[in-house]
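Read the structure below first, then the notes.
No value in this document is a laboratory result; all are computed from the given coordinates. As the structure is a computational prediction, the values presented were derived from the model and not from experiment. Positions of Cβ are generated from backbone atoms using ideal geometry, with glycine treated the same way; all protein chains shown enter the neighbour counts.
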Amino acid sequence: MTIVYEDRGDEAADDVPVNRIRFTINGQKKIAEVEPRLLLSHLIRRGLGLTGTHMGCDTTNCGACTVLVDGQPVKSCTMLAVQADGHAIETVEGLSGQSELHPLQEGFKQEHGLQCGFCTPGMMMAAKSLLAENPDPSEEDVRWALSGNLCRCTGYQNIVKSVLWAADKLKESAQ
Amino acid sequence: MYPSRFRYEAPRSIAEAISLLREGGDEAKVLAGGQSLVPLMKLRFASPALIVDINNLPGLSYHQEDADGTIRIGALCRHVDLERSVLLKTKQPVMAAAAPLIADPIVRNRGTLVGSLCHADPQGDWASVVTALGGSVIASGPGGRRSIPIADFVTGPFENALAPDEIAIEAVIPPPKGTLTGGYLKLERRIGDFATVGVAAAVETSGDTVTRAGIALTGVGGSTISATEAGQALIGKPLTAESIAQAADLAAAAARPRTDHRGSAEYKRHMVRTFVVRILSRANGHPAGAGGVVGGVTPGQSANGEANTTAEGTA
């Protein structure tokens, strides 16, 4: 895995700080060398080539870049990659199995929970964390949990329905 | 966006962190939740040469109550811990009201109360809450620990009283001497936006008489505003519609709002007044208007005012 750094021209290559980190991404163990100023979103998209995590606003507002760090949703544009050391990262690519969609993905399909799809990976990861903590959420619980994720297409109605659909599906399969 | 280049250290002890900060001097910055610092670094408003990440320091994620009722919040206690805290819901209605209104749920997973105080953003919610409650910050440095009252800790917009080699390790909220009531209300255009206006109010009563009152304002001046005269006006008498109206007028007079894209100065001042009336009327058992997060507790008893989580002005 190679990440190319900008050369300011005023430093020896050896003087550029680089840290070696060890982490898991969607269950796979990885070791990476990162410059500390690399953001987690950059490591995921460029270093690991997992482009399902989207960069929307890049200013901690929109939540499109949301991933799970040790199961908790985090805006990956607002965490340094070097801080992933020792932690487990999950992205939208980790949701589905070899051939089956995750109930959240199925729910977004069934309930038409996306239009342009840009915010969808962040919505799904935030929703995954909600359903892990609260398998039987109310509509208000879903709206509250997704209030850090912005969508400019849907008006949210179908996104909320999609998450509730997934909650029902997960409850069925747990029985 | 990338921050400018910096060296990164993640010490395992406070002593190690302090010696790194000493080495870095003015060019070093402490990283806790990072939800304000990382955006500032990406925008190049901050370009520290050394980042000292304190997330690996053990034993700082607590929030707890001492035997005398003092509440202590460690430097790595996240907003989400405070939002879900049973301790705050039963003992500290002002903090319990504010916790769910900080930023958005995802930011609350990483951001910290102590970090928010250090960041000293005039639009930061916690600085107002801690000001209204008369709290303080414990700093740890090479010479040991010192306690800094919040009024002295926040020295200006984005400025705090820490020396370059000190770490804020804890926020301290003193115990109420009587029955504590109050709350926090915030007007925001949408969840996660900066506060258009925020008001924290804490009132302690003994019998019917108010013995202490703190009112502090968010987003209506160059830094967190302590509406001291408004608080003083409540002391020594029962909470009545008249005393509440007087305090609300004084709080509105203490505000220094500016007209901007979030609203006119006049509108913001009006909202300060409205929020003071709303919080204190609820505290007095007379609900005024809908919405808001207020509650009241008596030391040693459970909450008698159940907090609801409807933020004013949010969908």
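Of the peptides B:262-268, B:177-183, how do they stack up when ordered by the mean number of other Cβ atoms within 10 Å, highest first?
Ranked from most to least packed, the peptides come out as B:177-183, B:262-268.
Residue A:72 versus residue B:159, label points 7 Å from Cα toward the beta carbon: distance in nm?
A separation of 3.3 nm, rounded to one decimal place.
So how long is each side of chain A along the principal axes, counting just the alpha-carbon atoms, biggest first, in Å?
Sorted from largest, the Cα extents of chain A read 58, 33, 25 Å.
Rule-of-thumb check for the protein assembly as shown: C-alpha Rg over 2.2 N^0.38 Å?
1.00
Cα-based Rg (one decimal) and Dmax (whole number) for chain B, in Å?
19.0, 59
Just check region B:87-153 against the gyration tensor rule for me: Cα atoms, a ≥ b ≥ c as the square roots of the eigenvalues, rounded for a/c under 1.5, and otherwise prolate or oblate depending on whether a/b exceeds b/c.
prolate
Let me see the P(r) profile for region B:179-289: every Cα-Cα distance counted, bins of 10 Å, each bin given as a percent of all pairs.
Histogramming region B:179-289 at 10 Å steps yields 16, 50, 27, 7, 0 percent.
What are the extents of the Cα atoms of region B:7-53 along their three principal axes, listed from largest to smallest and rounded to whole Å?
Computed over region B:7-53, the largest-to-smallest principal extents equal 30, 20, 13 Å.
Excluding same-chain pairs closer than 8 in sequence, count the lysine pairs in chain B whose Cα atoms lie under 17 Å apart.
So the count of such lysine pairs works out to 4.
Let's test the formula: R0 of 41 Å, r as the Cβ-Cβ distance of residue B:267 and residue B:151. What FRET efficiency results, to the nearest 0.05?
Approximately 0.90, to the nearest 0.05.
Between Rg and the Kirkwood Rh of region A:114-170, both from Cα atoms, what is the Rg to Rh ratio?
0.92
Let's see if you can work this out: charge +1 on each Lys and Arg Cβ, -1 on each Asp and Glu Cβ, no other charges. What is the dipole magnitude of chain B about its Cα centre, in debye to the nearest 20?
Roughly 500 debye, rounded to the nearest 20.
Sort region A:13-94 into rounded, prolate or oblate with this rule: let a ≥ b ≥ c be the square roots of the eigenvalues of the Cα gyration tensor; rounded if a/c is under 1.5, and if a/c is not under 1.5, prolate when a/b is larger than b/c, oblate otherwise.
Judged from the Cα gyration tensor, region A:13-94 comes out oblate (a/c at least 1.5, b/c at or above a/b).
Got a sec? Charge dipole of region B:7-53, +1 on Cβ for Lys and Arg, -1 for Asp and Glu; which of B:20, B:48, B:38 is way out at the positive end?
Final value for the positive-end residue is B:38.
Using the Kyte-Doolittle scale, which helices in chain B average at least 1.6 and also have C-alpha atoms spread 30 Å or more along the helix axis, with helices defined as whole DSSP H runs?
The qualifying helices: there are none.
Is there a simple number for the mean count of other chain Cβ atoms within 10 Å of the Cβ of residues in A:138-150, and what is it?
Going residue by residue through A:138-150 and averaging, the value is 3.
5 Å is the cut-off here: which amide hydrogens, built 1.01 Å from N in the peptide plane, fall below it relative to residue B:158, excluding neighbours closer than 5 in sequence?
B:121
Using alpha carbon coordinates only, what is the Rg to Rh ratio of region A:70-137, with Rh defined as the Kirkwood radius?
0.99
Taking every residue in B:98-109, how many Cβ atoms of other protein chains lie within 10 Å of its Cβ, on average?
5
Cross-link candidates for residue A:30: which aspartates and glutamates have Cα within less than 19 Å, leaving aside residues fewer than 8 places away along the same chain?
Partners found: A:70, A:85, A:90, A:93.
Students often check this: by mean Cβ neighbours within 10 Å, which of B:43-50, B:221-228 ranks highest, and how do the rest follow?
In decreasing order of mean packing, B:43-50, B:221-228 become B:221-228, B:43-50.
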